[in-house]
Amino acid sequence: MTLLALASIVFLGIAAYNLSCAFVDIPTGRTSKMMMAARKQQNAKKEKLLDVYITKIATLLAPFLRLDRLKRNRLQTALAIAGLELTPEAYTARAWVTAAAVGLCAVPMAFLMPLLSPVLMGLAVALWFSTYYAAFNFVRKRRKLIEAEIPRFALAVGQSLENDRDVLKILTSYRRVAGRDFAAELDQTIADMKTGNYENSLLRFETRIGSPMLSDVVRGLIGVLRGDDQRMYFKMICFDMRQIEQNNLKKEAAKRPRRIQRYSMMMLVCIMIIYLVVLCTEVINSLGVFFG
């Protein structure tokens, strides 16, 4: 009976899926695979077929969402940095659709395997958080990579000011040795400077990154544009950044013993669980023999 109910639920889900695809005009699997193959030949960003379906459904649900203006602007900035061509509403709807797809599976499991339903609900909540905050995590990691390069950038600017005070030339020269993420920001800044005001371009560069260390560097570059001698200023901020970098390395080194201790405790708990399972199995078998 349980097997028949499970088969009925599976076939009902397949029918509901195909009917939903027909209503929302989602292409068939064969058509979608052909489209993905064409994108791959064009060297487009790799994307899973399931993500395409979820994004399509989220785009249809996006007009019904209303976001707070502050949260929407923050999310839109994160999406622009992450390179996701989605509106904040569509991105939020995608997180809800992903969580709902797993959460709905808990309904039939409540009748078939009741103990599995809370697990699926917890998984749905975890998927919502991981999907929604993926863009913010990407921005945070990217900012961390850029901030790690700012002391080297400040040192290069300070050395270049000894011979040249052309800010555009200094940025273009450092662009050749910059990391991938920092180079992308420099490309945008250099393009802004070539087509607009130098000072405004540097201020936009500072706003996009949002790093206090970069704010110090931009302040010095703006001073150079205004005709000030900033060589001593860059020597001072290079010294300060070197101290900050050393403190960060010390903090990172101090975290490692605690991480090792945490993993050791996890391993100890796993070993205890293994012994406990074996002990309980032997006790149950012994009781069966004793009462048998």
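The values are calculated or read from the model by the stated rules, or taken from the named source; none is laboratory data. Quick caveat: nothing in here was measured; it's all calculated off a predicted structure. Cβ sites come from the backbone with ideal geometry, for glycine too, and all protein chains shown count toward neighbours. For the accessible areas, the whole protein counts, side chains as well, though only heavy atoms, and no ligand, DNA or RNA atoms are used. Shrake-Rupley method; radii C 1.70, N 1.55, O 1.52, S 1.80 Å.
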For this session: Kindly list, by first and then second residue, each pair from a residue in region 212-231 that is among the hydroxyl-bearing types (S, T, Y) to a residue that is assigned to a helix (DSSP H, G or I) and surrounded by 17 or more Cβ atoms within 10 Å (Cβ to Cβ), limited to pairs with Cβ atoms under 7 Å and residues at least 6 apart or on different chains.
Result: S215/E206
Exercise. Here is a list of conditions, (1) touching a residue at least 60 places away in the same chain (Cβ under 8 Å); (2) surrounded by fewer than 14 Cβ atoms within 10 Å (Cβ to Cβ), and S130 meets all of them except one; can you say which number that is?
Worked result: (1)
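Can you name every residue in region 162-188 that is of a type in the set (D, E) and either surrounded by 15 or more Cβ atoms within 10 Å (Cβ to Cβ) or within 25 Å of the chain's Cα centre (by Cα) (or both)?
D181, E185, D187
Mind telling me which of the residues R219, R152, R165, R142 ends up being out of contact with any strand residue (DSSP E or B) (no Cβ under 7 Å at 6 or more places or on another chain) and outside any helix (DSSP H, G or I)? Don't jump to the end; show me each part of the working.
On the way: R219 fails: outside any helix (DSSP H, G or I); R152 fails: outside any helix (DSSP H, G or I); R142 fails: outside any helix (DSSP H, G or I).
Going through R219, R152, R165, R142 in turn, the sole match is R165.
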Exercise. Looking at (1) touching a residue at least 60 places away in the same chain (Cβ under 8 Å); (2) touching a Phe, Trp or Tyr at 6+ places or on another chain (Cβ under 9 Å), can you tell me which one P151 breaks?
Worked result: (2)
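Residues checked against (1) assigned to a helix (DSSP H, G or I); (2) at pLDDT below 75; (3) over 36 Å from the mean Cα position of the chain (by Cα):
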position: M213; (1), (2), (3): yes, no, no
position: G223; (1), (2), (3): yes, no, no
position: G227; (1), (2), (3): no, no, yes
position: K235; (1), (2), (3): yes, no, no
position: M272; (1), (2), (3): yes, no, no
position: C280; (1), (2), (3): yes, no, yes
position: G288; (1), (2), (3): yes, yes, yes
Problem set entry | Cross-chain or 6+ apart pairs with Cβ under 8 Å, region 172-189 first and more than 15 Å from P151 (Cβ to Cβ) and in a helix (DSSP H, G or I), then among the β-branched types (V, I, T) and open to solvent by less than 20 Å² (accessible area, probe 1.4 Å) | T172/I190; R175/I190; D181/I146; E185/I146; E185/I209
Exercise. Is it the case that region 140-149 has a residue that's within 30 Å of N248 (Cβ to Cβ), buried (at least 17 other Cβ atoms within 10 Å of the Cβ) and of a type outside the set (D, E, K, R)?
Worked result: yes
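From the list K33, K40, K46, pick out the single residue that is among the basic types (K, R), at pLDDT below 55 and in a loop (DSSP other than H, G, I, E, B).
K46
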